[in-house]
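Since every read-out is calculated from the coordinates, none of them should be taken as a lab result. All values reported here derive from a predicted model rather than from experimental measurement. Neighbour counts are summed over all protein chains in view; Cβ atoms, including those assigned to glycine, are modelled from backbone coordinates with ideal geometry.
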């Protein structure tokens with residue numbers, strides 16, 4: 001399950017920048033398992049939203065960053081719905 005947050009950076013001149021982020025979790029380890037959480041920046045790429053760890057995109061206010069999260073959620077849910085959940089093979093004689 002993904003979690004969302006807004007990274008708020010305050011500059012030396014007092015200006016604030018808002019960057020929407022999404023987390024992805026994975027299980028790592030052999031005998032002793034741990035949950036590892038990675039945070040990704042939500043970027044607008046044309047008409048869709050994508051995730052990146054190396055690039056970031058800032059917004060002037062928190063409302064715009066929240067809007068980007070909402071738009072990413074809706075496209076992400078749509079794309080998740082199109083992924084293959086399971087495959088069944090039926091033998092035909």
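Tabulated data
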| quantity | calculated |
| --- | --- |
| Likely footprinting exposure, 75, 54, fewest C-beta neighbours within 10 Å first | 54, 75 |
| Fluctuation leader among 61, 13, 41 - the chain, Gaussian network, Cα springs under 10 angstrom | 13 |
| Angle in degrees between helix 62-81 and the longest Cα principal axis of the chain, rounded to the nearest 10 | 10 |
| Helix-only mean residue ellipticity at 222 nm for the chain, each DSSP H run of n ≥ 4 adding -39500 (n - 2.57), per residue, nearest 500 | -7500 deg cm²/dmol |
| Ranked 18, 36, criterion: other C-beta atoms within 10 Å, fewest first | 36, 18 |
| Simple spin-label estimate for residue 88 and residue 66 in nanometres, 7 Å along Cα-Cβ | 4.3 |
| Segment residue 15-residue 34, length gained on full extension (0.36 nm per residue, minus Cα span) | 3.1 nm |
